[in-house]
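The values are calculated or read from the model by the stated rules, or taken from the named source; none is laboratory data. Source: prediction; values computed, not measured. All Cβ positions, glycine included, derive from the backbone under ideal geometry; neighbour counts span all protein chains shown.
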Amino acid sequence: MQLGMLDAMRGSGYELVVHPCNRGNPTFLADFRRFIERQKLSGVVLTPSVSEDDRVKAILDEIGCGYIRIASVPVDEPAHIIVSNDRQGGRAAARHLAELGHTRIGFISGPPASAPRMSATAALSKSSRIAASRSTRTASSRAPTRSRLAFPAAPNC
C-alpha cells in the first residue's frame, strides 16, 4: 500500500509520513490531534482500525485536514473512502494456500470487519478438500494462534 502511495505522490511535492497509532492508549485522540496539528498535514490516509473510528474523522473535520479512509465496509461518503474487497481477498488467499497443498487453514479473526475474509475462507472449505478453523483475536494474536496450533488437527499453514 505504501509503495502505491509513494508512486502516486512522486513528483507532486508531497511526502508520505507514517505514524503509528494505538487506539488502546487513553491519550490516543489527544496525541492524534497534536500530531496532525504539529505536522500541518494537508491530508491523511487512515488504515484499519483507525479508519473505522468516527472520532478520528470528527477531529480531522474539525481541524480541516483532508482524509481518505480505507476499510472493508463503506464507513464514509464515497469521496472519503476506499473499500477493500475482503471477501474476494479471503477467497484468493485460501485458494492460493489450497493450491500449495495445505489442507487445514487457520484463521485468526480481528474486529467484526474481518468477517467477510473468514466467510470467504469457510465457503471455499465447503467446496474443496480443505478445513478452515477460526479463533478470535484478543489484544495479542499469540494466544489464539497457540491455541489453534495445539489442536490434534492443527492448521498446516
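Of note:
- Residue match in the range 56-67 (condition: modelled with pLDDT of 95 or more, loosely packed, with under 11 Cβ neighbours inside 10 Å and charged (D, E, K, R)): yes
- Search result, residues across the range 3-32 that are surrounded by 10 or more Cβ atoms within 10 Å (Cβ to Cβ) and part of a helix (DSSP H, G or I): MET5, LEU6, ALA8, MET9, PHE28, LEU29, ALA30, ASP31, PHE32
- Close contacts from the range 11-29, counting a first residue that is without any contact (Cβ under 8 Å) to a residue 24 or more places away in the chain and a second that is in a loop (DSSP other than H, G, I, E, B) and of a type in the set (Lys, Arg), with Cβ to Cβ under 7 Å and a gap of 6+ residues or different chains, come to none at all.
- Some residue of the range 97-110 being part of a helix (DSSP H, G or I), among the aliphatic types (A, V, I, L, M) and in contact (Cβ under 8 Å) with a residue 40 or more places away in the chain: yes
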